[in-house]
Amino acid sequence: MSTGKGDYLVQAPIDPSALQAWASNRDEHIAHLKPYILDGTIVFGGPTIAAHPESPEDKIEVRSRKTENEVRGIIEKNPFVDAGVWDMEKVVIAPFKCGVRTAM
């Protein structure tokens with residue numbers, strides 16, 4: 001486990017049997033993320049998909065200027081965890097060094 005502050009790539013697999021829970025908890029999920037987006041903690045995020053257009057398979061995010069424990073704490077409070085959309089045992093939090101970052 002990394003202990004330093006920096007960027008982390010987060011991959012949260014979405015349980016395929018929980019797509020209804022994903023859809024019905026999405027607004028709460030976005031509301032949970034909003035302060036972290038506004039303060040620059042989350043610099044990008046979104047689901048991976050098998051093909052366009054398709055149902056989500058994983059959620060990918062980059063969290064910035066935090067420790068791994070801080071990132072894990074933020075994720076554990078996400079409504080998708082309580083709804084069974086994400087299984088915390090399968091979430092990957094990896095130190096990440098961005099080589100190129102542009103504004104959207």
Test: residue in the range 18-32 that is within 11 Å of the chain's Cα centre (by Cα), open to solvent by 60 Å² or more (accessible area, probe 1.4 Å) and not small (Gly, Ala, Ser): yes
Of the criteria (1) part of a strand (DSSP E or B); (2) out of contact with any Pro (no Cβ under 9 Å at 6 or more places or on another chain); (3) more than 19 Å from Lys77 (Cβ to Cβ); (4) not basic (Lys, Arg), which one Asp7 fails: (2)
Residue selected from the range 55-98 under the condition outside any strand (DSSP E or B) and in contact with a Pro (Cβ under 9 Å, 6 or more places away or on another chain), by the criterion surrounded by the most Cβ atoms within 10 Å (Cβ to Cβ): Val85
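The values are calculated or read from the model by the stated rules, or taken from the named source; none is laboratory data. For clarity, every value in this text was computed on a predicted model and none was experimentally measured. Quick reminder, even Gly has a Cβ in these numbers, built from the backbone with ideal geometry, and neighbours come from all protein chains shown. Accessible surface areas use protein heavy atoms only, side chains included; no ligands, DNA or RNA. Shrake-Rupley method; radii C 1.70, N 1.55, O 1.52, S 1.80 Å.
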